[in-house]
Amino acid sequence: MRISELIDILRDKPSDADVEIAFVTPVDDDANEIVVNHFDVSAIFSPSEDSVLLISGEDDDVDELIDALEAGDELEHG
């Protein structure tokens, strides 16, 4: 998703609205079921001029990740 697309979506929302991330995952590869987990956005980090990370998780874990990113550590994509 491009930042302009996200801005367009959020532009009409109240400025005090909550932002969550929803992860949709299959229960089982063979099942026709899904699980939806909702997480609050805890932090935003911009590792480069053309990307932004919306970060969610436990406060201590988020703080540790932000510290690592600010120190220049690379993220593994998985």
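Brief remarks on what is shown
- Number of positions in segment 38-78 that are surrounded by 11 or more Cβ atoms within 10 Å (Cβ to Cβ) and over 21 Å from Arg2 (Cα atoms): 9
- Matching residues, segment 48-63, being closer than 22 Å to Phe23 by Cα, outside any loop (DSSP other than H, G, I, E, B) and free of Cβ contacts under 8 Å to residues at least 40 places away in the same chain: Ser51, Leu53, Leu54, Ile55, Asp59, Asp60, Asp61, Val62, Asp63
- Segment 15-32 - residue that is under 26 Å from Ala43 (Cα atoms) and among the hydrophobic types (A, V, I, L, M, F, W, C) and, of those, least open to solvent (accessible area, probe 1.4 Å): Ile21
The values are calculated or read from the model by the stated rules, or taken from the named source; none is laboratory data. Bear in mind the structure is a predicted one, so any value in this text is a computation, not a measurement. Methodologically, a virtual Cβ is constructed for each residue, glycine included, from the backbone with ideal geometry; neighbour enumeration extends over all protein chains shown. Heavy atoms of the whole protein, side chains included, go into the accessibility calculation; ligands, DNA and RNA do not. Shrake-Rupley method; radii C 1.70, N 1.55, O 1.52, S 1.80 Å.
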